[in-house]
Amino acid sequence: MSSESLTAQLETLKQKRKSGELDAKAFYQELLGLVASLVKELEAENISDEDVKKQIPLMLVFLEEQFKKMKDRGH
């Protein structure tokens, strides 16, 4: 799946949310599916060490924040 395809899917989801076709929970679940698709693509991508180093801080912030929120919800 290309970055253009993933971006198009995201834009479609955002439009559906904006138009009321998706409630917050459905939107969240669709976003999680998109994240899962992204993970598969990133795992298969041949990315340079330099680009990997640039991505790590973003991934750490995302993961740490999600883990904290899970803990706060008692999970």
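Observations, loosely collected:
- The set of residues in the stretch 1-32 that are assigned to a helix (DSSP H, G or I) and small (Gly, Ala, Ser) comprises Ser3, Ser5, Ala8, Ala24, Ala26.
- Within the stretch 33-70, the set of residues being outside any helix (DSSP H, G or I) and either within 20 Å of Ala8 (Cα to Cα) or open to solvent by 70 Å² or more (accessible area, probe 1.4 Å) (or both) comprises Glu45, Asn46.
The values are calculated or read from the model by the stated rules, or taken from the named source; none is laboratory data. What you see is a predicted model; the values in this text were computed from it and never measured. Heavy atoms of the whole protein, side chains included, go into the accessibility calculation; ligands, DNA and RNA do not. Shrake-Rupley method; radii C 1.70, N 1.55, O 1.52, S 1.80 Å.
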